Structure formats: C-alpha cells, structure tokens
Amino acid sequence: MKRKLENKLLEWKKHDKRKPVLLHGARQVGKTWMMKYFGESHFDQYLYINFEKEMRYRDLFKESLDPQRVLVALEILTGKKVIPGQTLLLFDEIQEAENGLTILKYFQEDLPELHIIAAGSLVGIALEKQSFPVGKVEFVKIDPLDLEEFFWATGNQRLNDLVCDGDWQTISLLKEEFLNVLRDYYFVGGMPEAVQTFIEKKNHRDVREVQTQILLAYQQDFARHAPGEVIPKIKIVWNSVVSQLAKENKKFVYGLMKKGARAKEFETALDWLEEYGLITRIYNLKKAGLPLAAYRDLKSFKLFVLDVGLLGALAKLEITTLINKNRLFQEFKGALTEQFACQELQAKHGKNIYYWTNPSGNAEVDFIFEHQSTIYPLEVKAAENLKSKSLKTFAAKYPGIHCYRTSTSNYRKEEWMTNVPLYAIGHLGLNDL
C-alpha cells in the first residue's frame, strides 16, 4: 500500500545529519506496517522490537543509557548483528519501555550513523511520564490514508493524475467516476486495515466490522491507559462527537454532553483524547490575519475525529446509504463532508486549520488555513448547493482575500471565488487551483 510518508523517510535516510525518527499517531493508522515495509524495501536488514508485546525488552534501557551497551544486549538477545548504514533499528510502542524516549537522545549523540525509527500510539501521554529529548528526535505524524492515497490503493491512479494535472475539462466528463471513489472513501475511510479489507473483499459489511473492532480497541485503551478519574469523562466526550457534528452549527457545546457541563470539568478528557490522536479541535478565529494562530479563540472550537470512516461507524451509518448517491454527502447535516474536508486539509497543512464566524454569528466559513503567507478561506457544501451567503460576508469584510468553496459541483473560477470539487481539496494551497 503506497504511502506518501515513504518519500519523507527516504529523504531522512539519505540525510547526513539525521536524528532518530519518532512516528506517532493513533493506533491502527499503519505505524508498524510502515516501519517494517520501509526496512524491507530500503535496508539490507532491520531489527524490530515491540515493547508492548515483548515484555522482556521493557527494561533494556533501565540500567544503562549507553547506546553501545544497549546494542550489545540487543545483538545477544536477538542473534542479529547491527551494522550502521545497513541495519534499520525499529522500536515499536516505545512508550512502554522504561527510558524508551530518553535513550533516543543518546543514540543521536553517540551513534548518529545508525538509522533508528521509533513509534508509539500513546507518545503524547507518555511525555508526561518520561524525559523527552528535545531537539534530538524528528517527530513524524502518521495519519489515515488521505483521498489521494485511497485513489492509489484502489487502482484509480489515472483519475488522481487528472486532478494533479488540473485537467478540469476531462474531470468534468468523468465526474461520476470521481464521486463513486469519494463515496467509497466516505464509508471506508483511511484506516489501513479497513482499506485493505475493501480492496480484497469489496464488501462494505466486512469493512464495517473492521471499523467496529478498531473503535472497540480504542475504548479498551481508555480503560487501560487513562487516569481512572478521567475515564468516565473521556467516554462522555467520545460518545458525544456524533451529536456535536450533527448540529447545524457545529461549534462544540458542553451542555450537549450532560446538563450543566462546563469546560473546566472536561478539559482533561479533551486533552487526553487529542494527545491520543482520536480528536482534533478546530478553533474559531477572531480575525482573518497573519499569522492565523495569533487570532484564535481557545474557548470556541469544533471537534472532529481522526477518520471519516470511523465517524460513520460511530454514527452507525447504514450501508444502504451508499445506494442513494448524494445522500451520503449530506448525511446528518453534512457532518461526513465537513469531517472529510478537515482530514484532507490537515493531511496537507498540519494542525493550523481554523474556522471563522462574524461577530453577530450569522455567517461562518467552515475552514481557514494559511500557506506560504496566503490565507485560504474554504466553505464546505455537502452537495450541489452553491449558495454562498457566509462566504460573501467574509469576502466583503476581507476584499483582498480570494475565497474558495468546495462541493460536488465542477471546478469553476470567478473573480472573487473558486469552486473546487470535493475530490480536489487536498490540492488546495499546493496546486494552482
């Protein structure tokens, strides 16, 4: 399964001043597969240690943080010789090893020629318990497959190439083919196991079973890894995501979780879920100015999950919805479409994604991000609806900023606004759209 992360890791492999890589992200996003695949494809050999499964290795760094001693112990325990430049050292679920994060600093300082990739599903949480080697490790986040990677995985490379080339005339002729792939992505999402199941079985019920098991594993992790007093609140927040997104106004409302709920009561639970990688908070902007982060309102946000397919599973979205073609895009007030847009933008532009409302609250632009000192306001439409009252309000307030709208409609560029098809928004800010 082709992942964009491979190219980034290849650049890291060739760099003469590389640091150990720390892959982080929620469980089941493909960290272990990526590590092993990269080792098999680009190294003579790799040595893989999973600290969660192989408990005897958890104390490997307890007595000594000397990389040479650690390597000797590893070679004896595994029977494999570690050769710098030829061997890729892989530490999976590194947060389970005592001093696991700390040892990376000493590898970087004493053995920089050795290629090391570590990974962890609970790294953000583990940082509170272990000393972290600031400046000694390269953080690399791995997300579910984005739509472009889904195109590749499902054998639709040529369709994707048309978007990359901006061949809008041909794209409009093949619009239904693009929308068919997009519908599949809405249901399947980008979790690697769900995608692989879809490719192999072409059965949406099998995909839903995979998604259900992933959600169950997440809930089990709540009980295993979260502080006891926070677990009930984590479950309340997690179980409220669907109802929060099903509102017309998707701003997070504490009172929807339980009567009288307040921000202070649930802040720790929100932080834990975000550090785990299951949710993302998209903050409101008080002003569309550079840098956008300077104008965010930390008290006002929308909440999204890590994957559109998992959101559908959480909502128990019926498989029959796929039959009614455009209904899927509009399901529970366009929540799937806004979730999809959030994922696509974050996959390309990181966490610096926001939304905007005017002071009176009667106009909202769903997403705003900046790229190379340019502001991109994006209004998300679930289907062919091309009314843009909120976007026009924004354009009137900020006449120097070109606006964007995404919908199932074809590409169209006007003087003040460009309509970008939903299946092309991952290229917004990267290509000349």
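The values are calculated or read from the model by the stated rules, or taken from the named source; none is laboratory data. These numbers were taken from a predicted model, which means no experiment stands behind them. Neighbour counts run over all protein chains shown; Cβ positions are idealised from the backbone, glycine included.
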Handout entry: Looking only at the range 132-186, and only at residues there that are closer than 16 Å to THR197 by Cα and assigned to a loop (DSSP other than H, G, I, E, B), the one that is nearest to the chain's Cα centre (by Cα)
Key = PRO144
Practice task
Scan the range 278-294 and give yes if some residue there is farther than 24 Å from GLY361 by Cβ, in a helix (DSSP H, G or I) and out of contact with any Phe, Trp or Tyr (no Cβ under 6 Å at 6 or more places or on another chain), otherwise no.
Solution key: no
Exercise for the section: Any chance you could count how many residues in the range 248-264 are surrounded by 12 or more Cβ atoms within 10 Å (Cβ to Cβ) and either closer than 23 Å to ALA363 by Cα or outside the structural domain of ARG281 (by TED's automatic domain parsing) (or both)? Expected result: 6
Completion exercise
Pairing a residue in the range 236-248 that is under 15 Å from ALA263 (Cα atoms) with any residue that is modelled with pLDDT under 90 and surrounded by fewer than 19 Cβ atoms within 10 Å (Cβ to Cβ), where Cβ atoms lie under 7 Å and the two sit 6 or more apart in sequence or on different chains, gives ILE236/LYS258
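Within the range 304-324, track down each residue that is surrounded by fewer than 22 Cβ atoms within 10 Å (Cβ to Cβ) and either under 25 Å from ILE142 (Cα atoms) or not assigned by TED's automatic domain parsing to the domain that holds VAL195 (or both). Full working, then the answer.
Initial filter on the range 304-324 (surrounded by fewer than 22 Cβ atoms within 10 Å (Cβ to Cβ)): 314-324.
LEU314, ALA315, listed by residue number.
Being closer than 20 Å to GLY309 by Cβ and part of a helix (DSSP H, G or I) is the requirement here; does TRP238 meet it?
Details: closer than 20 Å to GLY309 by Cβ: yes; part of a helix (DSSP H, G or I): yes.
For TRP238, the condition - closer than 20 Å to GLY309 by Cβ and part of a helix (DSSP H, G or I) - is met.
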Completion exercise
Among residues of the range 405-433 being within 21 Å of the chain's Cα centre (by Cα) and among the aliphatic types (A, V, I, L, M), the residue surrounded by the most Cβ atoms within 10 Å (Cβ to Cβ) is LEU422
Completion exercise
Here the qualifying pairs (Cβ atoms under 6 Å; residues six or more apart or on different chains; first in the range 329-342 and in the same structural domain as LYS247 (by TED's automatic domain parsing) and farther than 13 Å from LEU303 by Cα; second at pLDDT 90 or above and among the polar types (S, T, N, Q)) come out as PHE329/THR337
Practice task
Go through the residues of the range 194-208 one by one and say whether even a single one is surrounded by fewer than 21 Cβ atoms within 10 Å (Cβ to Cβ) and not in a helix (DSSP H, G or I).
Solution key: yes
Exercise for the section: Confirm whether LEU127 is of a type in the set (A, V, I, L, M, F, W, C), surrounded by fewer than 22 Cβ atoms within 10 Å (Cβ to Cβ) and either farther than 21 Å from GLU344 by Cα or modelled with pLDDT of 95 or more (or both). Expected result: yes
Fill in the blank from the handout: By residue number, the members of the range 39-59 that are of a type in the set (Val, Ile, Thr) and assigned to a helix (DSSP H, G or I) are none
Handout entry: Count - residues of the range 347-361 that are assigned to a strand (DSSP E or B) and out of contact with any Pro (no Cβ under 8 Å at 6 or more places or on another chain)
Key = 4
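Is it the case that the range 162-172 has a residue that's touching a Leu at 6+ places or on another chain (Cβ under 8 Å), of a type in the set (Gly, Ala, Ser) and more than 15 Å from ALA313 (Cβ to Cβ)? First the steps, then the outcome.
Restricting attention to the range 162-172, the residues satisfying the condition of being touching a Leu at 6+ places or on another chain (Cβ under 8 Å) are 162, 166, 170-171.
Still in the list and also of a type in the set (Gly, Ala, Ser): 166.
From the residues that got through so far, the ones that are more than 15 Å from ALA313 (Cβ to Cβ) too are 166.
Yes, some residue in the range 162-172 is touching a Leu at 6+ places or on another chain (Cβ under 8 Å), of a type in the set (Gly, Ala, Ser) and more than 15 Å from ALA313 (Cβ to Cβ).
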Completion exercise
Flagged in the range 78-97 as in contact (Cβ under 8 Å) with a residue 12 or more places away in the chain and farther than 24 Å from GLY30 by Cα, in numbering order, are THR78, LYS80, VAL82, ILE83, PRO84, GLY85
